[in-house]
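A short write-up of the structure that comes next.
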Amino acid sequence: MARTFSVRRQSGFATVAMLCFFLLYLPIAALVVYAFNAGTSIAIWEGFSLRWFVSAWNNQQVVEASWRSLRIAAIAAVLATACATLAALATTHTAPYRGLTAKYAFINMPLLVPEIVTAVALLVFFSRVKLWTGYSGLGYLILAHSAFCVPFAYLPIRARLESMDASLGRAAADLYATPLQIFRHVTLPLLWPGVFAGLMLAFIISLDDVVITEFVKSSGQDTLPTYMLGQLRRAITPEMNAISTVFLLLSLSLVTVFFCLSRNRKKES
Amino acid sequence: MTDVAKAGETRRRNDIRDRWLLSAPALTLIAIAGTGPLLIVLIYSFLAPGSYGDVKWEFSPNGWFNVFLSRDIFDNTVSLADAHYTIFWRTLRLALATTVLCLLLGFPLAYFIASRPPGSRSIWLFLITIPFWTNMLIRTFAIAEVIRNEGIINSLLMRLGLLVAPVQMLFTDFATLVGMTYVHLPLMVLPLYASLEKLDFRLVEAGYDLYASRFGVLLRIIVPLTRPGIIAGSILVFVPALSSYVIPLVLGGGKNLMIGNLIELQFGQGRNWPLGAALSVTLVLVVMIAVIFYMRNAGEPGGRAHG
């Protein structure tokens, strides 16, 4: 045998791995390529063109849905991160107390319950509230998005808090800092990377949601994903590919920032 | 009690009170707009359906009855709800097949990443997480484009002369399976990688010293040692696969329903909210059982710590 024997090698595993990477990226790559198709088909290549990007840009519904998506995601991410930060402060660096485990389970519950069931439950509940109050604005979507984003924001913040030194806060308290001052000048600056990671995670999760939005939205409140879902039932033009491509780029840049941040954090410690 | 002890006790109480106050916003938010409304669904499952959707406020076991059985409207005979069993069976079959496929593909993939030099591992992992963070709907749409009749696969096979006419893949159970595997693969790879990364290769070496074959080492050393990761990954794939809604809708084409679509149907066209509610509760119960199984088996050896 020419090759040296390696304990780590398993025959065929590298091939399967490469195949997986290929299969993971092939559909996405095809999607992006056809966004630049000059023809009206998503299957036959007729030359390079940016016409579908232009057409998406000029499509009033797409632009409105995108703005709505971004607005909901921004507000929901901030709300969820604020709640998650407070909750993380309440559940770390503490001796066990009654209700702690229950609290922890409840915060993570949106991760466990099937999305379709949450969606249906919110549909039923919010349709009642709409009847009582007469209000049918974006508030329902924002509340729903904030709620399912909480656990996603909570996890990185809590992880960061866990790894922080609790004695710093105690030292500040010994120097007569009030709890608010401790949070403002000691905890928050150290916690910031975790908060930022949570914020971004919540933003992406909110931006991606289809199912809950589809059930909670009133008419005329399409977000970009629910608009796309509606379009998928009709004849599809490369305009869908163009919208998807822009959406992909946005997610990709967010994930890259997230990746670099967490990488730096690892180097620090 | 001494004054010092009393002061300590008060401080502890105040601390716990503050901690409840701090977590109140998150808990309230989830109770109102997250999982709290599930209670309403539970109650609705025991009520009678209204004529135009919604419910009548009177007790009725029919929601639950209709999950499993159906009554003939003409002669009142009771029989098993065949249509529902077909859907339950498809859901279970597809979710299990997805899990197995993800495991078969994900294990070599995670192993490959874990056996790279430490510096380049995070890059490989990053390549796995990119598709994971891309919009699920876009990924589903991308799969639909690839397997449709005029898609890359069919046109390639036809150009190579292997096919005369395109094979119908879109709008079949096969399409749903492909889509679910594609979408959920990263969920399998990440916990598997976490387990494999901690694998002590001295044990593998010891296996080789004792004349084990490569396959023997894999089956009798590596797989048993990474069991927590295998279970974690399997549950992480199985649970969302079981409750899929968008993937069967887009790729299955509305005919090949899974339980998620059946639930939606009862709240939409079916106008049978109690039945939809009972189906939802059933789904949640199945998921909870899977999660409890996961917590029992995939936990860290030292037990999980809170706080």
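Quick one: in the stretch B:154-183, of everything that is surrounded by fewer than 22 Cβ atoms within 10 Å (Cβ to Cβ) and within 10 Å of chain A (Cβ to nearest Cβ), which residue is nearest to B:VAL246 (Cα to Cα)?
Looking at residues that are surrounded by fewer than 22 Cβ atoms within 10 Å (Cβ to Cβ) and within 10 Å of chain A (Cβ to nearest Cβ), I get B:ASN154.
Looking for whichever is out of contact with any helix residue (DSSP H, G or I) (no Cβ under 6 Å at 6 or more places or on another chain) and not in a helix (DSSP H, G or I) here; the options are A:TRP57, A:TRP67, A:TRP45. Which one fits?
A:TRP45
Output the residues belonging to the stretch A:225-249 that are farther than 22 Å from B:GLY254 by Cβ and of a type outside the set (Phe, Trp, Tyr).
Within the stretch A:225-249, A:PRO238, A:GLU239, A:ASN241, A:ALA242, A:ILE243, A:THR245, A:VAL246, A:LEU248, A:LEU249 qualify.
Can you name the residue in the stretch A:185-238 that is among the hydrophobic types (A, V, I, L, M, F, W, C) and in contact with an Asp or Glu (Cβ under 7 Å, 6 or more places away or on another chain) and is also farthest from B:SER244 (Cα to Cα) among such residues?
Among residues in the stretch A:185-238 that are among the hydrophobic types (A, V, I, L, M, F, W, C) and in contact with an Asp or Glu (Cβ under 7 Å, 6 or more places away or on another chain), the one farthest from B:SER244 (Cα to Cα) is A:LEU229.
Can you spot a residue in the stretch B:251-272 that is assigned to a helix (DSSP H, G or I) and touching a strand residue (DSSP E or B) at 6+ places or on another chain (Cβ under 6 Å)?
No; the residues of the stretch B:251-272 include none that is assigned to a helix (DSSP H, G or I) and touching a strand residue (DSSP E or B) at 6+ places or on another chain (Cβ under 6 Å).
Does B:GLU300 meet the test of being in a helix (DSSP H, G or I) and either at pLDDT 90 or above or more than 10 Å from every other protein chain (Cβ to nearest Cβ) (or both)?
When the stated conditions are applied, B:GLU300 does not pass them.
Answer with yes or no whether B:ASN135 is surrounded by 14 or more Cβ atoms within 10 Å (Cβ to Cβ), polar (S, T, N, Q) and under 24 Å from B:LEU262 (Cα atoms).
The answer is yes for B:ASN135.
Return a yes/no flag: does the stretch A:99-110 have any residue that is in contact (Cβ under 8 Å) with a residue 12 or more places away in the chain and touching a Leu at 6+ places or on another chain (Cβ under 6 Å).
no
Restricting to the stretch B:240-292, and then to whatever is buried (at least 24 other Cβ atoms within 10 Å of the Cβ), of a type in the set (Gly, Ala, Ser) and more than 7 Å from chain A (Cβ to nearest Cβ), can you tell me which residue is nearest to A:VAL120 (Cα to Cα)?
B:ALA277
Name, by its number, the condition in (1) surrounded by fewer than 24 Cβ atoms within 10 Å (Cβ to Cβ); (2) within 11 Å of chain B (Cβ to nearest Cβ); (3) within 21 Å of A:ARG68 (Cβ to Cβ) that does not hold for A:ALA147.
With respect to (1) surrounded by fewer than 24 Cβ atoms within 10 Å (Cβ to Cβ); (2) within 11 Å of chain B (Cβ to nearest Cβ); (3) within 21 Å of A:ARG68 (Cβ to Cβ), A:ALA147 is out only on (1).
Which numbered condition in (1) exposed (fewer than 13 other Cβ atoms within 10 Å of the Cβ); (2) touching a Cys at 6+ places or on another chain (Cβ under 7 Å) is the only one that A:SER206 fails?
Failed condition: (1).
Looking at (1) closer than 22 Å to A:ALA73 by Cβ; (2) buried (at least 16 other Cβ atoms within 10 Å of the Cβ); (3) hydroxyl-bearing (Ser, Thr, Tyr), find the lone condition where A:SER219 falls short.
(2)
Where in the stretch B:23-139 are there helices (runs of 4 or more DSSP H), lying fully within it, with 1 or more residues that are in contact with a helix residue (DSSP H, G or I) (Cβ under 8 Å, 6 or more places away or on another chain), in contact (Cβ under 8 Å) with a residue 60 or more places away in the chain and more than 14 Å from chain A (Cβ to nearest Cβ)?
Ranges flagged: B:62-68, B:82-114.
Do you know which residues across the stretch A:164-187 are assigned to a helix (DSSP H, G or I) and more than 14 Å from chain B (Cβ to nearest Cβ)?
A:SER167, A:LEU168, A:ALA171, A:ALA172, A:ASP174, A:GLN181, A:ARG184, A:HIS185, A:VAL186 - these are the residues of the stretch A:164-187 that are assigned to a helix (DSSP H, G or I) and more than 14 Å from chain B (Cβ to nearest Cβ).
To keep it simple, each residue is scored yes or no on (1) in the same structural domain as B:LEU236 (by TED's automatic domain parsing); (2) out of contact with any Lys or Arg (no Cβ under 8 Å at 6 or more places or on another chain); (3) closer than 30 Å to A:SER206 by Cα.
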position	(1), (2), (3)
B:THR98	yes, yes, yes
B:SER122	yes, no, yes
B:LEU125	yes, yes, yes
B:ILE130	yes, yes, yes
B:THR134	yes, yes, yes
B:LEU137	yes, yes, yes
B:LEU162	yes, yes, no
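Given the structure, is A:LEU26 at the interface with chain B (Cβ under 10 Å from one of its Cβ atoms), under 21 Å from B:SER155 (Cβ atoms), out of contact with any strand residue (DSSP E or B) (no Cβ under 7 Å at 6 or more places or on another chain) and not aromatic (Phe, Trp, Tyr)?
yes
What single numbered condition from (1) part of a helix (DSSP H, G or I); (2) under 21 Å from the mean Cα position of the chain (by Cα); (3) touching a residue at least 60 places away in the same chain (Cβ under 8 Å) fails to hold for A:ASP222?
Going through the list (1) part of a helix (DSSP H, G or I); (2) under 21 Å from the mean Cα position of the chain (by Cα); (3) touching a residue at least 60 places away in the same chain (Cβ under 8 Å), A:ASP222 breaks only (1).
The values are calculated or read from the model by the stated rules, or taken from the named source; none is laboratory data. Because the structure is predicted, anything quoted here is derived from the model rather than measured. Ideal geometry is used to build each Cβ from the backbone, glycine not excepted, and the neighbour counts take in all protein chains shown.
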